[in-house]
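Trainee: Here it is: the structure, laid out below.
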Amino acid sequence: MTQINEKISTRIEGDIGFIISDNPPVNALGIAVRQGLVGALEELDADPAVKAIVLYCAGRTFFAGADITEFGKPRQSPTLQDVIAALENSTKPVVAAIHGTALGGGLETALGCAFRVAIPSAKVGLPEINLGLFAGGGGTQRLPRLIGPEKALEHVLSGKPVGAKQALELGIVDAVEDGDPAVIGAAFARRVIDEKIPAVPVRDRDEKLAETRADPSDFDALAKKLTARSKGQLAPQANIDSIRRSFTMGLDEAMAVDAVANRELMAGSQSRALRHLFFAEREAARIPGLPETAKARPVKKAAIIGAGTMGGGIAMCFAGAGIAVTVIDTTQDALDRGLDRVRGNYATSVKRGSIAQAQMDERLALITGATDRAAAADADIVIEAVFEDMDVKKEIFSDLEKRVKPGTILASNTSALDVDEIASVLERPEDFVGMHFFSPANVMKLLEVVVAKHSSPDAILTAMAVGKAIGKVSVWSGNCDGFIGNRMVAKRSAQAERLLQQGAFPQQVDAALTNLGFPMGPLTTNDMSGLDIGYSIRKRRGTPFPIADAIVESGRLGQKTGAGYYRYEPGDRTPHPNPETEALIIATSEKMGIARRDIAEEEMVQRLLFPLINEGARILEEGIALRASDVDLVWINGYGWPRHLGGPMFHADETGLAKIVAKLREMAAETPDDPSLQPAALLTELAEKGQSFAEWQKSRAAA
Ligand code: NAD
């Protein structure tokens, strides 16, 4: 064995040379690895005894990708492209032997090799689109040369890695064999030598491309179909353009254009937003200030109290993660209705092809029902999702506490009640925590872990870990009215109402945000959830919205009644402008003595977004959220804020905090009855210092 440098070594067995990378934890393609690979190739190329080379990695994975610590730093030679070129120019055929995950630069490195073999559990992919980019190391040029542009396009636009079996079917790998990567690589190299399999570099395999070169209409049609839902996003189009170059240009020319295009994406706001969210998700799991001994308790069995809309959805999340769950309701009737709805949801997924019948059966087998709370006795966590009623919840928790084993986590899915008051009935409130899921709970990714005064570090960590295990993005939240998300959204709702009063119609208010890239406007969203929910909350709080209230009082409750802010055709969810609602809006403005006016779209955008950002700043000031990036995650995963726009606090930084403060001052002066429009102290302070929320977050993390 020869050590090329501290990361890369070589060895020779008979006529096969091996290059081994050992750069834990994920064999990232940092500078030492790149230098070592080039050195190793030179050595084996020069050795006349070597007839083929196997490239593999030690540890848990093949090259997982680029070295993220090198992000944003000047590029050092050899670059990844240099390494791939060296592999491609090797005079001996190179076999990449893949285990673990070969993503991005990892797969591009393998595409520089003449052959690829993988073990069955390996995954490969070019997920750069998730960071607002495309594969910059020639992935979007070599993959279409290997498997054809259509399949390559589908792969890169999905952003999802594929398993070894699918990679074999697609033609990304040449063989899938079980065993040690070195052994399966050597076996393939043996065949290459003995059977004289021609080693054509991927860059020269463009015979498949010739078929589409003459007529790119299939490619164009597919591109259009696959990007129908990515309005306003730059990366999907950039991926399409790059793959298109694979059949309109030579590889080197295409890669030169690619480099410029990817640099532009990298410098742009959308990729910055997506990279921000990538780091935000890693960061959110860290909770500062907990003792080192604190740890999440194991959860093998769950119980849900309440088989309603939320309870059923939460149960589906557990079953989807392979965790047994019991759903408990008061009557057999309510339980049957709830479990029928769960079954119906799964059946729809099977019909749509998103899960197989066998998966549906497996998941249903994990969900049991009961009408007696005794069924929660052996659960490791119990999540309450009954009516939003303090007395009902208190009764449930004081009873549950006596029935469950010591250490069971007791959680409430309340959306608006004070978690400290709920916990006040408990003998051991340290095991209690809020777990605020979003509707539909089996779909929405957000989980606010709402921490009560006495919640123990273990309870908090368990709730965070359970969220992750069932596929949620868990975000720590302090206890206040509305927690993080609903407290902020209330500020947007107030502005939407005001815009209607002052001259806008629902479709204009919604278009202000959908034109920005939001999938749905706030009023369409309200119509979908049902206008009666907000109405009853406003009645309880004594905070009327004259227009919204009048719509509800006229019997229009949204989609479910065929009319709300919009009009709906039976069985169709498409919102149409509603002349009757418009008449009602005009009449209400008149009754309020407001002269209606045209409101420019930019003003609407600012009024819908700046007050909620302001509330976000207050939430940070009060310590209700741990970090600005956590607030962004709440909006991305629970409120439909488009990922490529990064979330409200990211958007604030991009807009400039001084501009937001100035607009808020203007709004506060025009609306003296709403003191919440006064710029928050933190927002004003940062704006005055010329700082961003991101800088503030960084300085606090360092302190
Ligand atoms: P729901 O009315 O659909 O379901 C409530 C269920 O609880 C019903 O099946 C009812 O029979 C059952 N129930 C009532 N009292 C019970 C008791 N004592 N023991 C056992 N079961 C009992 O309500 P939902 O929309 O699922 O909301 C449940 C909770 O989740 C509420 O606290 C709500 O605020 C919260 N939440 C709702 C949403 C949403 O969008 N629907 C979102 C987040 C949180």
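No lab work stands behind these numbers, since they all come straight from the coordinates. Note that the structure is a prediction, hence the values are computed from the model and not measured. Here the Cβ is made from the backbone with ideal geometry for all residues, glycine too, and neighbour counts use every protein chain on show.
Trainee: If the viscosity is 1.002 mPa s and the temperature 20 °C, what Stokes-Einstein diffusion coefficient in µm²/s follows for the stretch 199-339 when Rh is the Kirkwood radius over Cα pairs?
Mentor: It diffuses with D of about 102 µm²/s by this estimate.
Trainee: How many percent of Cα pairs in the stretch 582-703 exceed 17 Å?
Mentor: 61 percent
Trainee: Also, I was wondering about something else. Quick one: grab Rg to one decimal and Dmax as a whole number for the stretch 1-87, Cα atoms only, in Å.
Mentor: 12.9, 43
Trainee: For the stretch 114-195, just list the percent of Cα-Cα distances falling in each 5 Å bin from zero outward, please.
Mentor: 3, 15, 23, 22, 17, 13, 6, 2, 0
Trainee: Continuing with the same structure: Would you report the distance distribution of C-alpha pairs in the stretch 389-449 as whole percents per 10 angstrom bin, up to the bin with the largest distance?
Mentor: Answer for the stretch 389-449: a P(r) of 23, 50, 25, 2 percent.
Trainee: All other residues with a Cβ under 10 Å from the Cβ of Asp380 taken together, and with Lys, Arg as +1 and Asp, Glu as -1, what is their net charge? Show your work: numbers first, answer last.
Mentor: Numbers: positive: Arg297, Lys300, Lys301, Lys405; negative: Asp378.
Once positives and negatives cancel, what remains is +3.
Trainee: Could you pull the Cα extents of the stretch 610-680 along its three principal axes, largest to smallest, in whole Å?
Mentor: Cα extents, longest axis first: 33, 24, 19 Å.
Trainee: I would also like to ask the following. How would you rank Asp178, Asp378, going from fewest to most other Cβ atoms within 10 Å of each one's own Cβ?
Mentor: Asp178, Asp378
Trainee: Taking only the alpha carbons of the stretch 505-607, what extent do you get along each of the three principal axes, in Å, biggest first?
Mentor: The Cα atoms of the stretch 505-607 stretch 36, 32, 26 Å along their principal axes.
Trainee: Over the stretch 240-291, consider all pairs of different Cα atoms and compute the Kirkwood hydrodynamic radius from their mean reciprocal separation; express it in Å, one decimal.
Mentor: After inverting the mean inverse Cα-Cα distance, the result is 13.6 Å.
Trainee: Express as a percent, rounded to the nearest 5, the fraction of DSSP beta bridges in the chain (both residues included) that run antiparallel.
Mentor: The antiparallel fraction comes to roughly 30 percent.
Trainee: If you don't mind, there's one more thing I want to ask. Helix-only mean residue ellipticity at 222 nm, the chain, DSSP H runs n ≥ 4 weighted -39,500 (n - 2.57), per residue, nearest 500. What is it?
Mentor: Estimated from H runs of four or more residues: -15500 deg cm²/dmol.
Trainee: Take the stretch 48-195, drop everything but the C-alpha atoms, weight them equally and run the Debye formula without solvent; then report log10 I(q)/I(0) at 0.09, 0.10, 0.18 Å⁻¹ to two decimals.
Mentor: -0.26, -0.32, -1.05
Trainee: Taking 0.36 nm per intervening residue step and subtracting the Cα-Cα distance, what contour gain separates Ile586 from Lys351 on full extension?
Mentor: Numbers: separation 235, 0.36 × 235 = 84.60 nm, distance 4.46 nm.
That works out to 80.1 nm of additional length.
Trainee: Next question. In the stretch 211-254, what is the volume of the convex hull around the alpha carbon atoms, normalised per residue and reported in Å³?
Mentor: About 63 Å³ per residue, rounded to a whole number.
Trainee: Now for a different question. Apply the Debye scattering formula to the stretch 82-151, with a single equal point scatterer on each alpha-carbon and no solvent, then give log10 I(q)/I(0) at q = 0.14, 0.15, 0.29 Å⁻¹.
Mentor: -0.42, -0.48, -1.38
Trainee: Rule-of-thumb check for the stretch 427-582: C-alpha Rg over 2.2 N^0.38 Å?
Mentor: The value comes to 1.22.
Trainee: Please report how far the C-alpha centroid of the stretch 518-536 lies from that of the stretch 233-265, rounded to the nearest whole angstrom.
Mentor: When both Cα centres are located, 40 Å separates them.
Trainee: Also: Please report how far the C-alpha centroid of the stretch 280-355 lies from that of the stretch 428-481, rounded to the nearest whole angstrom.
Mentor: 12 Å
Trainee: Another question about this same structure. Please give the length that would be gained between Ser269 and Ile533 if that part of the chain were fully extended, namely 0.36 nm times their separation in residues minus their C-alpha to C-alpha distance (nm, one decimal).
Mentor: Going from the current span to full extension adds 91.4 nm.
Trainee: Given all pairs of different Cα atoms, what value in angstroms does the Kirkwood hydrodynamic radius of the stretch 588-647 take? Mind dumping the intermediate values first?
Mentor: Values: mean 1/r = 0.0729 Å⁻¹.
Result for the stretch 588-647 stands at 13.7 Å.
Trainee: A further question on this structure: What is the distance, in nm, between label points placed 7 Å from the Cα along the Cα-to-Cβ direction at Ser699 and at Ser217?
Mentor: 6.1 nm
Trainee: What do the square roots of 5 times the Cα gyration tensor eigenvalues come to for the stretch 536-596, in whole Å, largest first, as semi-axes of the equivalent ellipsoid?
Mentor: Numbers: eigenvalues 98, 54, 10 Å².
So the three semi-axes of the stretch 536-596 are 22, 16, 7 Å.
Trainee: Additional query: What shape does the stretch 128-249 have by the C-alpha gyration tensor, where a ≥ b ≥ c are the square roots of the eigenvalues, rounded means a/c under 1.5, and otherwise prolate means a/b greater than b/c and oblate the rest?
Mentor: Numbers: a/c = 2.56, a/b = 1.69, b/c = 1.52.
Taking the square roots of the gyration eigenvalues as a ≥ b ≥ c, the stretch 128-249 is prolate.
Trainee: Tell me which lysines have Cα within less than 24 Å of Lys491's Cα, excluding those fewer than 8 residues away on the same chain?
Mentor: Answer for Lys491, where 24 Å is the Cα cut-off: Lys445, Lys539, Lys591, Lys659, Lys663, listed by chain and number.
Trainee: Please state the equivalent ellipsoid semi-axes for the stretch 281-370: what are the square roots of 5 times the Cα gyration tensor eigenvalues, largest first, in whole Å?
Mentor: Values: eigenvalues 166, 64, 27 Å².
Calculated on Cα positions only, the semi-axes equal 29, 18, 12 Å.
Trainee: Follow-up. Lys225: which aspartates and glutamates have alpha carbons under 18 Å from its alpha carbon, excluding same-chain residues fewer than 8 sequence positions away?
Mentor: Glu150, Glu154, Asp215, Asp241
Trainee: Continuing with the same structure: Provide, in order from the shortest bin, the percent of all Cα-Cα pairs of the chain in each 10 Å bin, continuing until the bin that contains the maximum pair distance.
Mentor: 3, 13, 20, 22, 20, 13, 6, 2, 0, 0
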